[in-house]
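Just so it is clear, none of the values below were taken in a lab; they were calculated from the coordinates. Just so it is clear, the model here is predicted, and its values are computed rather than measured. Neighbour counts run over all protein chains shown; Cβ positions are idealised from the backbone, glycine included.
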Ligand code: AMP
């Protein structure tokens, strides 16, 4: 496995791969790798000749009062993990090489970025869209892999790729969960044992909502109420950012579930902000 820190060298290396007709599968991450990340890496390996993984904790997507400094960075462990997966190229840029000199160019995917998490994390998706655009230009992948866990991010990147004519297949992979349903996340490491046990309440709320939808309830207000009730049951949630029933493409709230819907929640347990979602297909 090659480990490269300089964007220009990654760009040249990837160009050499594509000029030989090789397909590149790309998995962008912020590290602190877990089975969720590995599921994307394995899929990329299955579907492409070359697999490129990046690890970069992108300052542009963190707000001033967010956890950029505290974000876990187990670099040596991550390098070992990626090496074990037999990845071809690991891109480890530092901040100064990604945002060098007078850096003033940002990408905003409008409307989609203002909803759900965007309403609570101003500028977050602008930072995500900017770094992904840069990474796409550096790696020029054939396919790029994202997790459904960050559903809004995946929808925004699909739109970005379409709007900016990136010839890249954006592939959304299922959420990998702990046994009790908690979606794997690098931020789970911040939870105390007690908080970790309570954190499965997010998934329980989604499953309860999905159950009542299956039994015939289609009114979004009723569905949201059920989710709020489950979330408050254990008394572990410090604050709920949102509980939504929305259109999976536009992310607009719906009042009645028609064909498809996205159920999504964001809540804080202590200082840790967790998100989760499930897609309902009727
Ligand atoms: P992150 O390192 O948090 O930026 O995540 C990198 C990629 O891994 C993103 O596309 C995430 O959506 C994806 N990911 C994170 N957690 C999971 C999970 N539990 N299951 C599947 N994909 C995930």
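For the pair region 258-282 / region 156-219, the C-alpha centres are spaced 6 Å from each other. Listed peptides 96-104, 197-205 appear in the order 197-205, 96-104 once ranked by packing, highest mean of other Cβ atoms within 10 Å at the front. Applying 1/(1 + (r/R0)^6) with r as the Cβ-Cβ distance of residue 68 and residue 177 and R0 = 35 angstrom yields a FRET efficiency of 0.85.
Normalised by the number of residues in region 80-218, the average gap of Cα pairs under 8 Å and 6 or more apart makes the relative contact order 16 percent. Our summary gives the chain a relative contact order of 17 percent, counting only alpha carbon pairs under 8 angstrom and 6 or more residues apart.
Just to confirm the number: angle between the C-alpha axis of helix 35-47 and the first principal axis of the chain, 0 to 90 degrees, nearest 10? The angle comes out at about 50 degrees. Using just its DSSP H runs of length 4 or more, each adding -39500 (n - 2.57), the chain gives a mean residue ellipticity at 222 nm of -11500 deg cm²/dmol after division by all residues. If you take the Cα centroid of region 38-64 and the Cα centroid of region 73-110, the two points sit 9 Å apart. Relative to the longest principal Cα axis of the chain, at what angle does helix 7-19 sit, 0 to 90 degrees, rounded to 10? Here the helix axis deviates by roughly 80 degrees.
Relative to the longest principal axis of the Cα atoms of the chain, the long axis of helix 220-233 lies at roughly 90 degrees. For region 168-282, the relative contact order works out to 23 percent when only alpha carbon pairs closer than 8 Å and six or more residues apart are counted. From least to most packed, judged by other beta carbons within 10 angstrom and beginning with the fewest, 129, 39 follow the order 39, 129. DSSP beta bridges in the chain, what fraction antiparallel, as a percent rounded to 5? Roughly 50 percent of the beta bridges in the chain run antiparallel, per DSSP.
How would you classify region 136-282 from its alpha-carbon gyration tensor, with a ≥ b ≥ c the square roots of the eigenvalues: rounded for a/c under 1.5, else prolate if a/b is greater than b/c, otherwise oblate? Verdict is oblate for region 136-282.
For the chain, what class follows from the C-alpha gyration tensor (a ≥ b ≥ c being the square roots of its eigenvalues): rounded when a/c is under 1.5, otherwise prolate if a/b is larger than b/c, else oblate? It is prolate, given that a/c is not under 1.5 and a/b is the larger ratio. Could you tell me which of rounded, prolate or oblate describes region 20-176, using a ≥ b ≥ c as the square roots of the eigenvalues of the alpha-carbon gyration tensor, with rounded for a/c under 1.5 and, failing that, prolate when a/b is larger than b/c and oblate otherwise? Rounded, since a/c falls under 1.5. Label reach from residue 103 (point 7 Å along Cα→C-beta): in region 1-28, no amide nitrogen lies under 11 Å.
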